[in-house]
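Every number here is computed from the coordinates shown, using simple stated rules; none is lab data. If you're wondering where the values come from, they're calculated on a predicted model, not measured in any experiment. We place every Cβ from the backbone using ideal geometry, glycine too, and count neighbours over all the protein chains shown.
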Amino acid sequence: MHIIERKVAYDGHYKLSQLQVQDGAEVLKRERFEPGTAVAALVKHTGTGQYILTRQYRIGPEDELVELAAGMVDGDEEPQTAIRREIHEELGYEVEHLEQIARILPSPGTSAEVITIFYAEVSRQTGAGGGLAEESEKIEPVYFSADELARAHFEDAKTIIAVQWARLRETSR
């Protein structure tokens, strides 16, 4: 299979492309959601031992979710730079240690989205957090002990992946 034609069908906050895909003698029409490249991090405060996640309204489920600190990579920005910026914007902390957990394709059948998931350690809060007013963000930090994090129920895939990683990490110590 290979793409023989690509057209932008919508170019707003996100992009939607219409593709024609050659599959042998058959030509298939497909749409592909192109939200960009994202980053997310499971943040741990080294002083308290607590994990810090975020609570914010998400348009997909039309509800508030508790999830990892996350955001979009800007232009040619490196994922490590983007997640450091997002953690400061959303939680107000400077990152002291950063480790990549995974690079995932959350829905490869319909989306070109790539998310790099990190584990970050922090201890020094130098900003207010809460997100950026110009992006209409209203983000609240949510704190979990390791036990609370392990027992909590999450619906967001990137958060589930990071929490499972943390659980495996905690049990191997």
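Pick out which of Tyr119, Tyr14, Tyr51 has the largest mean-square fluctuation in a Gaussian network model of the chain, springs linking Cα atoms closer than 10 Å.
Tyr14
What is the distance, in nm, between label points placed 7 Å from the Cα along the Cα-to-Cβ direction at Ser111 and at Ala25?
3.7 nm
State whether segment 36-171 is rounded, prolate or oblate according to the following rule on the C-alpha gyration tensor (a ≥ b ≥ c being the square roots of its eigenvalues): a/c under 1.5 gives rounded; otherwise a/b larger than b/c gives prolate, and the remaining case gives oblate.
The shape class here is rounded.
Using θ = phi - 60° and the Karplus relation 6.51 cos²θ - 1.76 cosθ + 1.60, list the HN-Hα couplings for segment 32-40 in order, rounded to whole Hz, with x at every Gly or Pro.
Couplings: 10, 6, 10, x, x, 9, 10, 9, 8 Hz.
Could you tell me the distance between the Cα centroids of segment 2-70 and segment 92-143, to the nearest Å?
14 Å
What number, in percent, do you get for the relative contact order of the chain if the mean sequence gap of Cα pairs under 8 Å and at least 6 apart is divided by its residue count?
22 percent
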